[in-house]
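Rule-based calculations on the coordinates, nothing more; no lab input. Treat the numbers as computed from the prediction; the structure is a model and nothing was measured. Note: ideal-geometry Cβ built from the backbone for every residue, glycine included; neighbour counts use all protein chains shown.
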There are 2 protein chains.
Amino acid sequence: MSKRLVFVTGNANKLKEVKEILSDGGHPIEIDSHSLDSKYHGRHPQIPEIQGTTQEVAKDKCRRAAELTGSACITEDTALCYAALNGLPGPYVKYFMQEVGHEGLNNLLVGFPTKAAWALCTFAYSSGPGSEPIIFEGRTDGSIVPARGSKVFGWDAVFEPNGTGLTYAEMPKEQKNKLSHRYKALEKLRAHLQSLPSET
Amino acid sequence: MSKRLVFVTGNANKLKEVKEILSDGGHPIEIDSHSLDSKYHGRHPQIPEIQGTTQEVAKDKCRRAAELTGSACITEDTALCYAALNGLPGPYVKYFMQEVGHEGLNNLLVGFPTKAAWALCTFAYSSGPGSEPIIFEGRTDGSIVPARGSKVFGWDAVFEPNGTGLTYAEMPKEQKNKLSHRYKALEKLRAHLQSLPSET
C-alpha cells in the first residue's frame with residue numbers, strides 16, 4: 001500500500017493545522033492534500049455529502065475519497081448541535097450559517113428554553129480503497145450566544161465553550177486549540193496513526 | 001428501452017396516489033414501484049440522499065435509481081421552506097420533524113418576524129440509466145401555524161396554504177389534492193409523460 005496519506009480539503013489553513021497537530025510528538029506524518037471536498041459554494045462537488053448522522057456523512061465521504069484518490073485518506077466533518085433541537089442543525093449548520101448568519105443561529109433558539117449546544121468534529125480515516133473508514137470524534141460542550149469576536153470563521157463567534165466566558169472567535173489560538181472539538185478529534189486520529197506499524 | 005416505469009418509493013399510499021393522478025385523462029401509465037428510497041428511519045438506505053438544493057438532491061437520487069434498476073424512473077422529494085430562513089429547513093425538514101415535532105417546527109420561528117413558508121415537491125424523471133433526470137416542481141405558498149387536524153402525516157398539521165384557513169391536515173382529500181405542492185408537481189410530470197411518443 002502507498003505510504004501517501006491524503007487529507008481531503010480545499011482549505012490551506014486546515015491542511016497546515018492538521019499537519020502540525022498530527023506531527024506533534026516527534027513522529028512526523030507525511031500528508032498531501034486533495035481538494036475533493038464538498039463546499040457549499042461549489043455547486044458541483046466531486047464528493048457530494050450525504051444526508052444523515054455526522055458519522056454516516058463522514059464515513060461515506062472518506063470511503064469515496066479513498067476510491068477516488070487510490071490512497072489512504074482522512075476527511076473532516078464539523079457539526080454544531082443544539083440541545084433544544086436534539087442535535088440539529090448538526091451537519092446542516094453550514095447551510096444555516098450561510099442563509100441566516102450569526103443572528104439567525106441565535107434567533108432559531110428564541111422559542112426554546114435552553115441555548116446549550118455542542119460542537120462536534122469527526123475525522124474519518126481509511127487506509128485505502130475498499131477499507132472501511134474509522135471515525136475519530138471530538139466534542140466540546142458550550143452554548144449559543146450573540147456573536148462576539150472575529151466574525152470571519154464560520155460560527156466560531158456564536159459558540160461559547162462551557163467555563164471559558166469566551167467564544168471560539170474571542171480566544172487566542174493556543175487556548176482554542178487545546179479545547180476545541182477539532183483538536184480533540186485530531187488527537188485521537190494522531191494516536192491512531194502513530195500506533196500503526198511503520199512501513200520500511 | 002423498457003417500457004417499464006419505476007416509481008422509487010417504499011410507501012404504498014404514495015404509489016397509489018401517483019398511479020391515480022398520472023393515469024388521469026384516459027392515458028394510463030404503467031408504474032411499478034421499487035423501495036430504494038432513503039428513509040430517515042432506515043439507517044442504511046440503498047440510495048442515500050445527498051445534501052444540497054432540492055433540485056440537486058432529486059436529480060442525484062433519480063440518476064442513481066435509474067442505474068440501480070436499469071429502468072426509466074421517477075423519484076419524489078419534498079421540502080418545507082421557511083421564508084425567514086431563506087428556504088431552510090427545506091430538504092432537511094424531515095430531520096427537524098423527527099427531532100422536534102410540530103411544536104418545534106413552530107418554535108424555530110419565534111425569533112423571526114414572518115411565519116411565511118412554502119411547500120415544495122420535486123419529481124424527477126429519468127428515461128433510463130445514463131439519461132439526465134428532468135425536474136418537475138410544484139410549490140404551494142402558506143404559513144407555519146400551531147398544529148391543527150390529524151397529526152399522522154408529517155408536517156401537514158402545521159402548514160396552512162394561503163387563503164384556505166385550513167392546514168393540509170384539516171382539508172378534505174379532494175381539496176388538498178387540488179392545491180397541494182405534490183399535485184402541482186405530479187400534473188407537470190403527467191403532462192410530460194403523456195407527451196412522450198408511445199412505444200408500439
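Just a few scattered comments:
- From its DSSP helices (H runs of at least four residues, each -39,500 (n - 2.57)), the protein assembly as shown gives a residue-normalised ellipticity at 222 nm of -10000 deg cm²/dmol.
- Neighbour counting of Cβ atoms within 10 Å sorts the residues A:E137, A:E160, fewest neighbours leading, into A:E137, A:E160.
- Cα centroid separation, segment B:85-110 to segment A:108-125 (Å): 15
- Between helix A:181-195 and chain A there is an angle of about 20 degrees, using the helix long axis and the longest principal axis of the Cα atoms.
- Computed over the alpha-carbon pairs of the protein assembly as shown, the distance histogram in 20 Å steps reads 25, 51, 22, 2 percent, short to long.
- Neighbour counting of Cβ atoms within 10 Å sorts the residues A:T140, A:T164, fewest neighbours leading, into A:T164, A:T140.
- Pairs exceeding 27 Å between alpha-carbon atoms, taken from A:K178/B:K94; A:K61/B:K151; A:K59/A:K184; A:K61/A:K94; B:K59/B:K188: A:K178/B:K94; A:K61/B:K151.
- Net charge dipole, segment B:3-195: roughly 180 debye, given to the nearest 20, about the Cα centre with Cβ charges of +1 for Lys and Arg and -1 for Asp and Glu.
- Note on chain B: Rg/Rh from Cα positions, Kirkwood definition for Rh, rounded to two decimals, is 0.98.
- Remark: A:F123, A:F112 ranked as A:F112, A:F123, counting other beta-carbon atoms within 10 Å and listing the fewest first.
- Chain A: angle of helix A:93-107 to the longest principal axis, Cα-based, in degrees nearest 10: 20
- Here the relative contact order of chain B, from alpha carbon pairs under 8 Å that lie six or more residues apart, stands at 18 percent.
- Between helix A:54-69 and chain A: long-axis angle, C-alpha atoms, 0 to 90°, nearest 10: 30
- Whole-Hz ³J(HN,Hα) from phi, Karplus 6.51 cos²θ - 1.76 cosθ + 1.60, for segment A:138-146, glycine and proline x: x, 10, 10, 8, x, 8, 8, 10, x
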